[in-house]
Amino acid sequence: MASGSEKVDQLMATVTHPHKDAVEYLRTAILAADPEITEQVKWNAPSFCYEGTDRVTFQLKSPEVQLILHRGAKVRDDADTFSFHDDTGLMRWRSADRALVTFADLGDVKAHQEAFIALVQRWVKA
């Protein structure tokens, strides 16, 4: 896996998520989305960084496949004025600059993969 993290690989070897196949599939797809995206462990889950800032993090506590789209660990000063247009309908906003994307299973991931990867490519640069 290009740009994959050995620490994330080690973590994933211990994960017993009901849709681990979908998580692994998305890991590969996200890393392939942009050569600048790197991976690390954050919140005990795979997290994807752009220019050193965490931007997309799995939420492995959910029985579904969930990813948090965020702009780093802390709320940024410009959170109140931040704007991002989701033309996919996949994002469920949790705050002004944090959203959740949920997939039911690997089939759902594959059905929305193109739209989701395009979303990630835009999100990491927003």
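Some points to look at:
The rows are residues; the columns are (1) assigned to a loop (DSSP other than H, G, I, E, B); (2) out of contact with any helix residue (DSSP H, G or I) (no Cβ under 6 Å at 6 or more places or on another chain); (3) not acidic (Asp, Glu).
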residue: Asp87; (1), (2), (3): yes, yes, no
residue: Arg92; (1), (2), (3): no, yes, yes
residue: Leu100; (1), (2), (3): no, yes, yes
residue: Lys110; (1), (2), (3): no, yes, yes
residue: Phe116; (1), (2), (3): no, yes, yes
residue: Gln121; (1), (2), (3): no, no, yes
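- Of all the criteria given as (1) modelled with pLDDT of 95 or more; (2) within 21 Å of Ala111 (Cβ to Cβ), the one not satisfied by Asp87 is (1).
- Qualifying residue in the range 30-41 (condition: closer than 26 Å to Pro18 by Cβ, more than 11 Å from the chain's Cα centre (by Cα) and assigned to a helix (DSSP H, G or I)): yes
- Output for the range 1-14, where each listed residue is within 24 Å of Leu119 (Cβ to Cβ) and either surrounded by fewer than 16 Cβ atoms within 10 Å (Cβ to Cβ) or more than 16 Å from the chain's Cα centre (by Cα) (or both): Met1, Ala2, Ser3, Gly4
- In the range 15-24, residue farthest from the chain's Cα centre (by Cα) [restricted to those that are free of Cβ contacts under 8 Å to residues at least 40 places away in the same chain and either part of a loop (DSSP other than H, G, I, E, B) or buried (at least 16 other Cβ atoms within 10 Å of the Cβ) (or both)]: Thr16
- Looking across Val56, Val41, one residue alone is surrounded by fewer than 18 Cβ atoms within 10 Å (Cβ to Cβ), modelled with pLDDT of 95 or more and among the β-branched types (Val, Ile, Thr). It is Val41.
- All positions within the range 60-85 that are in a loop (DSSP other than H, G, I, E, B) and touching a Leu at 6+ places or on another chain (Cβ under 7 Å): none
- Selected residue (only one of Leu100, Leu119 is over 21 Å from Ala32 (Cβ atoms), within 14 Å of the chain's Cα centre (by Cα) and surrounded by 16 or more Cβ atoms within 10 Å (Cβ to Cβ)): Leu100
- Screening the candidates Arg27, Arg71 for the property of being without any contact (Cβ under 8 Å) to a residue 60 or more places away in the chain, buried (at least 19 other Cβ atoms within 10 Å of the Cβ), under 14 Å from Ala126 (Cα atoms) and not aromatic (Phe, Trp, Tyr) yields one hit, Arg71.
The values are calculated or read from the model by the stated rules, or taken from the named source; none is laboratory data. Here the structure is a predicted model, which is why all the values come from computation and not from measurement. Cβ coordinates were reconstructed from backbone atoms using ideal geometry, including for glycine residues, and neighbour counts include every protein chain displayed.
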